[in-house]
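**Student:** Structure incoming, see below.
The values are calculated or read from the model by the stated rules, or taken from the named source; none is laboratory data. As the structure is a prediction and not an experimental result, all values here were calculated from the model. FYI the Cβ positions are ideal-geometry reconstructions off the backbone, even for glycines, and counts take in every protein chain you see.
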Amino acid sequence: MNKESISGLLLAGGRGTRMGHVDKGLQPFGGTTMAAHVLARLAPQVATLAINANQNLDTYAAFGVPVWPDDTPGFAGPLAGLEAGLHRCTTPYLLTAPCDSPFLPADLAERLFEGLQREDADLAVAVTEENGLRQPHPVFCLLKTGLTPVLSAYLAAGGRRMDGWYPQIKVAEVLFGDADAFRNINTREELQQLDPSAHQAKPLPRLADVVSCLSSYDPEALPVRDAQRIIRDFVTPVRATEQVALRAALGRVLALDVISPINVPSHDNSAMDGYALRGSDLLPDTPTRLRVVGTTYAGRAFDGAPQAGECIRIMTGGVMPAGCDSVVPQEFVQVDGESIVLAPGVIRPGDNRRFAGEDLKLGSAALAAGKVVRPADLGLLASLGVAEVPVRRRLRVAFFSTGDELRSIGQPLDEGCVYDSNRYTIYGMLQRLGCDIIDMGVVRDDPQALEQALRDACESADAIITSGGVSVGAADYTRDIMARLGDVTFWKIGMRPGRPLAFGRIASNGRSAFLFGLPGNPVAVMVSFYFFAREALLRMMGAEAPLELMRARSSATIRKKPGRTEYQRGILARGADGQPEVRITGSQGSGILRSMSEANCMVVLHDEQGNVQAGDMVDVLLFEGLI
Ligand code: AMP
Ligand code: MG
C-alpha cells in the first residue's frame with residue numbers, strides 16, 4: 001500500500017443527538033477527546049488528515065488539521081461528510097472513520113486498500129462477523145476520490161443511507177476479525193464506562209474519605225507530606241475550556257493534546273552545508289570522485305535525481321535529492337573543477353541526513369494536555385502552523401486578610417496596628433500562577449463580616465485564600481464559620497514556620513469553592529502558599545507541576561530538630577569551587593518579611609533531618625522560576 005495516496009477523514013459532523021446534543025468528538029476520553037484519539041490512530045495510516053465537522057469549527061481547527069463542513073445542508077448524516085471529504089481531498093483515495101470509535105484497527109487503511117485492489121472496486125468497506133451474521137461498518141471505508149459526482153447525485157436526490165448508493169458503484173467487503181475495534185460510543189453512560197480516565201464522572205470526594213487513605217492521621221500533628229497528599233487528592237480541576245490565539249496561550253494550561261498536523265521537518269534534509277550523495281558510491285579504500293550536477297538550497301529543492309557517480313551541492317536544511325542518502329560536509333572535500341574528491345572513511349552512508357518527521361511525526365502529540373505553555377511551546381506550535389490553542393479557563397481565586405489590627409495602605413496606622421502585607425504577597429504569588437484574582441480586602445474579626453466574606457468569595461471563585469485567624473489563639477468563630485459552611489478541616493502541621501492551616505471546600509447558594517485558610521504571619525503565609533496552595537491551585541487549573549527542589553551545599557551549620565519540616569530563608573550562589581552553595585539569611589522569625597525579600601530560595605529541611613553541618617547537601621526551592 002502506498003500511504004501517500006490516502007487522506008484520512010474524521011467524521012465528526014453529527015449532531016450528537018443520542019448524547020444529549022453534545023459534540024461527540026469533543027467529549028473527554030482517555031485524557032484527551034474522542035476526536036484526538038481517533039486522529040492519533042488514523043495518522044500513521046495516511047498521508048494527511050482532515051476533519052468533517054458542522055459545529056465548534058474553531059475547536060476542531062485547534063487540532064491543527066483542515067476542517068471541512070458538509071456541502072449538503074441540514075446535518076444530512078455521515079454520507080454528507082463523505083461528500084465533503086471527496087470534494088476537497090487531493091489524494092486518489094479517502095479513508096473515513098467516525099469520531100466515536102476510539103478503538104479503530106491500526107491496519108484499517110492497509111486491509112481496506114488490499115481489498116479494494118484485489119476486487120478492483122471503487123469502495124472498500126469494513127465488515128465483521130458476530131454470531132455468524134455479517135455486520136458491515138459503512139463509516140469505515142476507503143474510496144476513490146473520483147466517486148464525487150455519483151455520491152453528490154445520490155445526496156441531491158435525497159438519499160441518505162450510507163449503503164444506499166452502493167448499487168451504483170463497485171463495493172468490496174473486507175472482513176476484520178476484531179469486532180470490538182469497530183465499537184462506537186453512543187451515550188454518556190457508554191463513554192464513562194469505556195473511558196479509561198473517566199475519573200471526572202466520580203462524585204467529589206469528602207475529606208473524611210481522602211483522609212482515611214492515610215495509615216495514621218492526627219490533625220493536631222500532621223506531617224507536611226501527609227497534608228500535601230490530602231490536598232492533592234481532594235482538589236479537582238475546572239473543566240471549562242476556551243480557544244485562544246497562539247500568543248494569548250502563554251502561561252495557560254493546555255486543555256487538549258495538540259496533535260501534529262505535519263511532519264517536522266516535512267522532508268528528509270541536510271544537516272550540513274556540503275554535498276548530497278549516494279552512500280553506495282563511497283569507496284572504502286580509495287578516494288571517491290563525484291561529479292557535481294546541481295545545487296539545492298533550503299526552501300528550493302533540486303528536481304533531478306543524481307545518477308551513480310554524481311552528487312548535488314546542498315545547504316543546511318536543503319531537501320535531500322531523490323536517491324541521495326548522505327551528505328559530506330564541504331570542509332571534507334576537495335573541489336576539482338566540476339567534481340569533488342573525498343578521502344575514504346570521512347563519512348559513512350547515511351551521515352548528516354535528517355529524516356522527515358524526526359522532530360515530530362504527523363499525528364503524534366506535539367504537546368500534552370496539562371502543560372503550562374512556555375515560550376518554547378509557543379514556538380513549537382507556530383512551527384506546526386497552529387494558530388489557536390484550546391486552554392483551560394483561568395482559575396478564579398478570591399482572597400482576603402482577617403484581623404482587626406490590619407490597616408490598608410493609605411489609612412493611618414493606629415497604635416498597635418500593622419499594614420496588611422499578606423494581600424500583596426498573595427496577590428503576587430497568584431498573579432505569577434496566572435489566576436484571575438478577586439481581592440476582597442481586609443475583613444474584620446467579626447462573625448457576620450467573616451461569614452459574608454466567605455459566602456461572597458465562594459459564590460464568585462473556584463478557590464479562596466484567607467490569611468490570619470486560624471491559629472489557636474485566634475477568635476474561635478473563624479474556625480466555626482469555616483466549618484459551618486462546608487467540609488473544612490483544621491490542622492497543626494509539623495512545620496516551621498506556619499503550623500496552623502485550614503483546608504477544605506465550602507458552599508454557599510449552590511456554589512462551592514476550595515478553601516485555604518493560611519496563617520497570619522507574613523512569612524508563614526508565603527511558605528504555606530508555596531508548599532500547600534500552589535500545587536493544588538495548579539492542579540485545579542488542569543496542570544501537573546509539582547515543586548522542583550534542587551540540591552545545594554550548605555555553607556554553614558544549621559540547627560534543626562528532627563520530627564518537623566523547617567523552611568529557612570536562604571541565598572543560593574556559587575561557592576569558591578563553582579558549585580551551588582546556600583547560606584541562611586539573618587533572622588528567621590516568621591513575621592520578618594525582610595529576610596524573605598533578601599532570600600532567593602528556601603532551604604527545605606525535611607522531617608527526618610537533624611542538624612546540618614557545613615558542607616552537607618540540602619534541598620532548596622528557588623524562588624525565581626516559580627510560576
Ligand atoms: P493570626 O493568625 O490572625 O493570629 O495572625 C498572626 C500574626 O500575623 C499577627 O501578628 C498578625 O498581626 C499578623 N498578620 C495577620 N494578618 C496579616 C496581614 N494580612 N498582614 C500583615 N500581618 C498580618
Ligand atoms: Mg488575626
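**Student:** Is it the case that some residue within the stretch 531-544 is under 30 Å from VAL253 (Cβ atoms), in a strand (DSSP E or B) and within 16 Å of ligand 1 (Cβ to nearest atom)?
**Tutor:** Scanning the stretch 531-544 turns up no residue that is under 30 Å from VAL253 (Cβ atoms), in a strand (DSSP E or B) and within 16 Å of ligand 1 (Cβ to nearest atom).
**Student:** Now, a different point. Does at least one position in the stretch 596-607 carry a residue that is assigned to a loop (DSSP other than H, G, I, E, B) and in contact with a Pro (Cβ under 9 Å, 6 or more places away or on another chain)?
**Tutor:** Yes; the residues of the stretch 596-607 include at least one that is assigned to a loop (DSSP other than H, G, I, E, B) and in contact with a Pro (Cβ under 9 Å, 6 or more places away or on another chain).
**Student:** Moving on to the next point. Residues to consider are ARG574, ARG551; find the one that is more than 16 Å from ligand 1 (Cβ to nearest atom) and under 33 Å from the mean Cα position of the chain (by Cα).
**Tutor:** Of ARG574, ARG551, the one residue that is more than 16 Å from ligand 1 (Cβ to nearest atom) and under 33 Å from the mean Cα position of the chain (by Cα) is ARG551.
**Student:** Okay, moving on. Let me confirm something: among ILE231, ILE185, which residue is surrounded by 12 or more Cβ atoms within 10 Å (Cβ to Cβ) and either assigned to a helix (DSSP H, G or I) or modelled with pLDDT of 95 or more (or both)?
**Tutor:** Among ILE231, ILE185, only ILE231 is surrounded by 12 or more Cβ atoms within 10 Å (Cβ to Cβ) and either assigned to a helix (DSSP H, G or I) or modelled with pLDDT of 95 or more (or both).
**Student:** May I pose another question? Of the residues that make up the stretch 82-100, is at least one in a helix (DSSP H, G or I) and of a type in the set (D, E, K, R)?
**Tutor:** yes
**Student:** Does the stretch 477-488 contain any residue that is outside any strand (DSSP E or B) and within 12 Å of ligand 1 (Cβ to nearest atom)?
**Tutor:** Yes, the conditions are met somewhere in the stretch 477-488.
**Student:** Given (1) out of contact with any Leu (no Cβ under 6 Å at 6 or more places or on another chain); (2) among the aliphatic types (A, V, I, L, M); (3) within 15 Å of ligand 2 (Cβ to nearest atom), where does LEU515 come up short, assuming only one miss?
**Tutor:** With respect to (1) out of contact with any Leu (no Cβ under 6 Å at 6 or more places or on another chain); (2) among the aliphatic types (A, V, I, L, M); (3) within 15 Å of ligand 2 (Cβ to nearest atom), LEU515 is out only on (3).
**Student:** Ok, one more. Test THR478 against the criterion of being at negative phi, away from ligand 2 (no atom under 16 Å from the Cβ) and not aliphatic (A, V, I, L, M), and give yes or no.
**Tutor:** Working: at negative phi: yes; away from ligand 2 (no atom under 16 Å from the Cβ): no; not aliphatic (A, V, I, L, M): yes.
Taking the combined requirement at face value, the residue does not satisfy it.
**Student:** Give me a count of the residues in the stretch 545-576 that are outside any strand (DSSP E or B) and either β-branched (Val, Ile, Thr) or surrounded by fewer than 19 Cβ atoms within 10 Å (Cβ to Cβ) (or both).
**Tutor:** 15
**Student:** Name the residue, out of ARG396, ARG423, that is basic (Lys, Arg), in contact with a strand residue (DSSP E or B) (Cβ under 7 Å, 6 or more places away or on another chain), in contact (Cβ under 8 Å) with a residue 12 or more places away in the chain and within 16 Å of ligand 1 (Cβ to nearest atom).
**Tutor:** Within the list ARG396, ARG423, the selection yields ARG423.
**Student:** Return the only residue of ALA109, ALA172 being assigned to a strand (DSSP E or B), within 28 Å of PRO44 (Cα to Cα) and among the small types (Gly, Ala, Ser).
**Tutor:** Answer to the check: ALA172.
**Student:** Can you tell me which residue in the stretch 489-526 is farthest from ligand 1 (Cβ to nearest atom), limited to those that are farther than 17 Å from ASP226 by Cβ and β-branched (Val, Ile, Thr)?
**Tutor:** Keep residues of the stretch 489-526 that are farther than 17 Å from ASP226 by Cβ, which gives 497, 505-515, 517-526.
The next check asks that each one be β-branched (Val, Ile, Thr); those that pass are 506, 523, 525.
Details: ILE506: 19, VAL523: 10, VAL525: 7 Å.
Step by step, filter the stretch 489-526, then rank; the result is ILE506.
**Student:** Another one. Quick check on the stretch 57-70. Is at least one of its residues closer than 23 Å to GLU190 by Cα, touching a residue at least 12 places away in the same chain (Cβ under 8 Å) and not aromatic (Phe, Trp, Tyr)?
**Tutor:** Within the stretch 57-70, none of the residues are closer than 23 Å to GLU190 by Cα, touching a residue at least 12 places away in the same chain (Cβ under 8 Å) and not aromatic (Phe, Trp, Tyr).
Yes or no, residue by residue, for (1) within 16 Å of ligand 2 (Cβ to nearest atom); (2) within 30 Å of ALA62 (Cβ to Cβ):
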{"site": "VAL397", "(1), (2)": "no, yes"}
{"site": "GLN411", "(1), (2)": "no, no"}
{"site": "GLU415", "(1), (2)": "no, no"}
{"site": "ILE426", "(1), (2)": "yes, no"}
{"site": "ILE437", "(1), (2)": "no, yes"}
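**Student:** Another question about this same structure. State which residue is farthest from ligand 1 (Cβ to nearest atom) when the search covers only the stretch 426-475 and only residues that are without any contact (Cβ under 8 Å) to a residue 24 or more places away in the chain and under 32 Å from the mean Cα position of the chain (by Cα).
**Tutor:** GLN431
**Student:** OK, next. Inspect the stretch 522-529 for any residue being in a helix (DSSP H, G or I), surrounded by fewer than 20 Cβ atoms within 10 Å (Cβ to Cβ), more than 15 Å from ligand 2 (Cβ to nearest atom) and modelled with pLDDT of 95 or more and give the result as yes or no.
**Tutor:** The first filter runs over the stretch 522-529 and keeps only residues in a helix (DSSP H, G or I), leaving 522-529.
Restricting the remaining residues to those that are surrounded by fewer than 20 Cβ atoms within 10 Å (Cβ to Cβ) gives none.
No: zero hits.
**Student:** For PRO580, are the conditions met, namely being surrounded by fewer than 18 Cβ atoms within 10 Å (Cβ to Cβ) and farther than 16 Å from CYS601 by Cα?
**Tutor:** On the way: surrounded by fewer than 18 Cβ atoms within 10 Å (Cβ to Cβ): yes; farther than 16 Å from CYS601 by Cα: no.
Considered against the rule, which asks whether it is surrounded by fewer than 18 Cβ atoms within 10 Å (Cβ to Cβ) and farther than 16 Å from CYS601 by Cα, PRO580 comes out as no.
**Student:** Right, next: Please determine, by comparing only the residues of the stretch 400-424 that are assigned to a loop (DSSP other than H, G, I, E, B) and of a type in the set (Gly, Ala, Ser), which one is surrounded by the most Cβ atoms within 10 Å (Cβ to Cβ).
**Tutor:** Of everything passing the filter in the stretch 400-424, GLY403 is surrounded by the most Cβ atoms within 10 Å (Cβ to Cβ).
**Student:** If we keep just the residues of the stretch 1-32 that are at pLDDT 85 or above and among the hydroxyl-bearing types (Ser, Thr, Tyr), which is surrounded by the fewest Cβ atoms within 10 Å (Cβ to Cβ)?
**Tutor:** SER5
**Student:** Name the residue, out of VAL443, VAL386, VAL391, that is within 30 Å of PHE63 (Cα to Cα) and in contact with a helix residue (DSSP H, G or I) (Cβ under 6 Å, 6 or more places away or on another chain).
**Tutor:** VAL391
**Student:** Filter the stretch 373-393 down to residues that are in contact with a Lys or Arg (Cβ under 9 Å, 6 or more places away or on another chain) and either within 16 Å of ligand 1 (Cβ to nearest atom) or modelled with pLDDT under 95 (or both), then give me how many there are.
**Tutor:** Of the residues in that region, 4 qualify.
**Student:** Please determine, by comparing only the residues of the stretch 52-70 that are over 21 Å from the mean Cα position of the chain (by Cα) and of a type in the set (A, V, I, L, M), which one is nearest to ALA156 (Cα to Cα).
**Tutor:** It comes out as ALA53.
**Student:** So how many residues does the stretch 523-570 have that are touching a helix residue (DSSP H, G or I) at 6+ places or on another chain (Cβ under 7 Å) and more than 26 Å from PHE490 (Cβ to Cβ)?
**Tutor:** 2
**Student:** Cβ-Cβ under 7 Å, sequence separation 6+ or interchain: first residue in the stretch 101-121 and closer than 23 Å to VAL38 by Cα, partner among the β-branched types (Val, Ile, Thr). Which pairs?
**Tutor:** SER101/VAL38; PRO102/VAL38; LEU104/VAL38; ALA109/ILE6; ALA109/VAL46; ARG111/VAL174; LEU112/VAL174; GLY115/VAL174
**Student:** Another question, then. Looking at VAL397, VAL327, VAL341 in this structure, which one is outside any loop (DSSP other than H, G, I, E, B), at pLDDT 95 or above and touching a Pro at 6+ places or on another chain (Cβ under 7 Å)? Break it down stepwise before answering.
**Tutor:** Numbers: VAL397 fails: touching a Pro at 6+ places or on another chain (Cβ under 7 Å); VAL327 fails: touching a Pro at 6+ places or on another chain (Cβ under 7 Å).
Of VAL397, VAL327, VAL341, the one residue that is outside any loop (DSSP other than H, G, I, E, B), at pLDDT 95 or above and touching a Pro at 6+ places or on another chain (Cβ under 7 Å) is VAL341.
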